[in-house]
Amino acid sequence: MNSFAATNRNFRHAAKLLGLDSKLAKSLLIPFREIKVECTIPKDDGSIHSYVGFRVQHDNARGPMKGGIRYHPEVDPDEVNALAQLMTWKTAVADVPYGGAKGGIGCSPSDLSVSELERLTRIFTQKIHDLIGIHTDIPAPDMGTNSQTMAWIFDEYSKFHGHSPAIVTGKPLDLGGSLGRDAATGRGVVFATEALLAEHGKSISGLTFAIQGFGNVGSWAADLIHGRGGKIVAISDVNGAIRKPDGIDIPALAKHKAEGGLLKDFKDADVMDRNELLVQECDVLIPCALGGVLNKENAANVRAKYIIEAANHPTDPDADEILSKKGVTILPDIYANAGGVIVSYFEWVQNIQGFQWNEEKVNMELQKHMNDAFANIKSMCKTHDCGLRMGAFTLGVNRVARATTLRGWEA
């Protein structure tokens with residue numbers, strides 16, 4: 001089952017538990033707007049090339065729409081629709097005043113020069129500038145994009161609308177980015193993990209962890225878990241995987257990677273098959289990479305007691321059912337990886353206020369939002385006699401449905 005079908009299934013289940021009017025439920029699923037544009041640029045060699053750019057704006061009942069822009073050769077419209085919808089529920093779970101959006105351009109960033117990427121980004125912004133806005137739709141980085149991409153969008157948008165740093169989040173600090181934004185998703189994952197473990201009378205210290213993915217989210221989560229006394233026994237990235245039963249030295253691994261070394265060449269750990277990481281013996285498994293990695297083929301062999309979904313949709317519905325029957329506790333993605341959008345909200349607030357917060361305040365407010373959201377999810381679990389995934393979905397869907405109804409929706 002792909003992410004679009006799985007998201008819709010979770011929504012329908014949540015709507016049924018909440019007893020939503022069928023017409024309202026159908027309305028909540030339909031995107032507010034889908035934008036598709038042609039982006040034609042001159043390449044460095046003088047040739048002309050066209051790319052397709054798009055933006056799915058899902059819902060704005062609770063506030064401006066929010067979500068990443070990705071540059072990837074196989075951008076799938078169904079997946080982007082699913083991710084835009086997920087952002088609507090995620091922002092509601094985190095209780096930040098946004099709706100969901102997602103978008104991108106079908107291109108391979110590694111095949112484009114910096115100047116070509118800049119031209120493409122500026123053309124895309126020119127095509128959509130009147131459909132986004134600081135109180136309408138606020139893009140952010142995603143797969144294949146970064147703070148520099150956001151800087152180009154900010155600059156191009158400002159040519160039409162005046163100085164507008166709040167038009168994007170995930171910007172460089174020198175252009176109004178927020179302290180703590182780089183670590184936000186990984187730090188949020190750790191705060192979510194602490195909230196879950198505390199519920200079971202445990203803490204990170206002394207527990208064993210396996211982390212799939214050592215990019216931004218995985219590396220920050222690993223560093224923070226290591227600093228709290230957790231033992232990372234296995235870790236992987238696109239090039240390979242390593243394990244060490246006594247715990248991997250994360251600062252040494254980070255230094256090795258920063259110096260250009262491959263993860264699999266790190267000397268102070270044993271090489272392992274990447275596919276074995278998900279079934280590695282550990283207390284806590286944290287998938288931080290791709291969607292659909294836990295499925296009916298490997299779910300029965302998972303040995304972790306807790307799974308923290310730092311990636312989007314890492315567990316397909318079949319695996320969800322198998323793992324639940326095994327007694328594995330899964331912390332769902334729409335809560336576990338919400339740290340990024342929460343601190344994006346803080347960045348937006350700082351830009352509108354024209355006042356920068358210090359990093360201590362950013363991290364303190366992030367922890368408060370993650371702890372409050374967990375308590376609200378647990379309350380929904382109790383009300384509807386359901387697991388954490390449906391607790392999160394019912395929380396998010398209910399908040400959006402209430403806002404929609406209060407604003408005057410009529411059946």
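The values are calculated or read from the model by the stated rules, or taken from the named source; none is laboratory data. This one's a predicted model, so the numbers in the text were calculated from it and none came from an experiment. Positions of Cβ are generated from backbone atoms using ideal geometry, with glycine treated the same way; all protein chains shown enter the neighbour counts. Surface areas here come from the heavy atoms of the whole protein model, side chains and all, with no ligands, DNA or RNA. Shrake-Rupley method; radii C 1.70, N 1.55, O 1.52, S 1.80 Å.
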(request) Return the whole-Å distance between the Cα centroid of region 374-411 and the Cα centroid of region 94-122. (result) 31 Å
(message) Tell me whether region 179-272 comes out rounded, prolate or oblate; compute the Cα gyration tensor, take square roots of the eigenvalues as a ≥ b ≥ c, and use a/c under 1.5 as the rounded threshold.
(response) oblate
(message) With a cap of 14 neighbouring Cβ atoms within 10 Å, and only residues DSSP puts in a loop, list the GluC sites (Glu not before Pro) found in region 60-153.
(response) E74
(request) Could you tell me the distance between the Cα centroids of region 234-285 and region 10-29, to the nearest Å? (result) 42 Å
(message) Let me make sure I get this right: for region 108-159, a, b and c are the square roots of the gyration tensor eigenvalues over alpha carbons, sorted descending. Under 1.5 in a/c it's rounded, otherwise prolate if a/b > b/c, else oblate. Which is it?
(response) prolate
(request) Note down the Stokes-Einstein diffusion coefficient of region 213-340 in µm²/s, whole number, using a Kirkwood radius over alpha carbon pairs, 25 °C, and 0.890 mPa s. (result) 166 µm²/s
(request) Could you size up the charge dipole of the chain around its Cα centre, putting +1 on the beta carbon of Lys and Arg and -1 on that of Asp and Glu, and report it in debye to the nearest 20? (result) 1140 debye
(request) Rounding to the nearest 20 debye, state how big the charge dipole of region 288-391 is about its Cα centre with +1 on each Lys and Arg Cβ and -1 on each Asp and Glu Cβ. (result) 400 debye
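Using only Cα atoms, what Kirkwood radius does region 72-226 have, in angstroms?
About 17.6 Å for region 72-226.
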(message) Can you compute the FRET efficiency between E34 and Q353 using 1/(1 + (r/R0)^6), with r the Cβ-Cβ distance and R0 = 30 Å? Round to the nearest 0.05.
(response) 0.40
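Starting with the highest mean, order 298-309, 176-187, 353-364, 14-25 by the number of other Cβ atoms within 10 Å, averaged over the residues of each peptide.
Ranking, from highest mean packing down: 176-187, 298-309, 14-25, 353-364.
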(request) Would you please put 337-350, 144-157, 52-65 in order of how densely packed they are, using the mean number of other Cβ atoms within 10 angstrom per residue and starting with the highest? (result) 337-350, 52-65, 144-157
(request) Sticking with the crude label model, points 7 Å out along Cα→Cβ, report the distance from S324 to S113 in nm, one decimal please. (result) 5.4 nm
(request) Give me the net charge of K202's neighbourhood, meaning all other residues with Cβ under 11 Å from the Cβ of K202; Lys, Arg count +1, Asp, Glu -1. (result) -2
(message) Tell me which DSSP H helices of the chain clear both cut-offs, 15 Å or more of axial length from alpha-carbon atoms and a mean Kyte-Doolittle hydropathy of at least -1.0.
(response) 3-18, 77-94, 114-128, 147-161, 184-199, 216-227, 339-353, 359-384, 388-406
(request) Compute the signed sum of charges (Lys and Arg +1, Asp and Glu -1) over the other residues within less than 13 Å, Cβ to Cβ, of D246. (result) 0
(message) Sort 196-203, 312-319 by packing, meaning the average of other beta carbons within 10 Å per residue, with the highest value first.
(response) 312-319, 196-203
(message) How big is the dipole moment of region 62-126 about its Cα centre under a simple scheme where the beta carbon of each Lys and Arg is +1, that of each Asp and Glu is -1, and everything else is neutral? Debye, nearest 20, please.
(response) 360 debye
(request) State, to one decimal in nm, how far the label point of D174 lies from the label point of K257, with both points 7 Å from Cα in the Cβ direction. (result) 2.6 nm
(request) If a/c stays under 1.5 just call it rounded; otherwise compare a/b with b/c (prolate if a/b is bigger, oblate if not). Do that for region 254-411, with a ≥ b ≥ c from the square roots of the Cα gyration tensor eigenvalues. (result) oblate
(message) Please report the spacing between the Cα centers of region 71-88 and region 308-350 in Å, no decimals.
(response) 16 Å
(request) Once you've got the Cα coordinates, tell me which of K26/K102; K264/K368; K36/K159; K171/K368 are over 27 Å apart. (result) K264/K368
(request) Taking the Cβ of K305 as the centre, find all other residues whose Cβ is under 12 Å away and add up their charges (Lys, Arg: +1; Asp, Glu: -1). (result) +1
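Determine by what factor the alpha-carbon radius of gyration of region 1-111 differs from 2.2 N^0.38 Å, reporting the quotient.
1.25
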(message) Could you check the spin-label model distance between R303 and Q148? Points 7 Å from the Cα along Cα→Cβ, value in nm.
(response) 4.3 nm
(request) For the chain, give the percent of accessible area contributed by carbon and sulfur heavy atoms, probe 1.4 Å, rounded to a whole number. (result) 49 percent
(request) Using the charge dipole of the chain (Lys, Arg: +1 at Cβ; Asp, Glu: -1 at Cβ; taken about the Cα centre), state which of L395, P141, H58 has its Cα farthest towards the positive end. (result) L395
(message) What number comes out for accessible area per residue over the chain if the probe is 1.4 Å? Units Å², please.
(response) 42 Å²
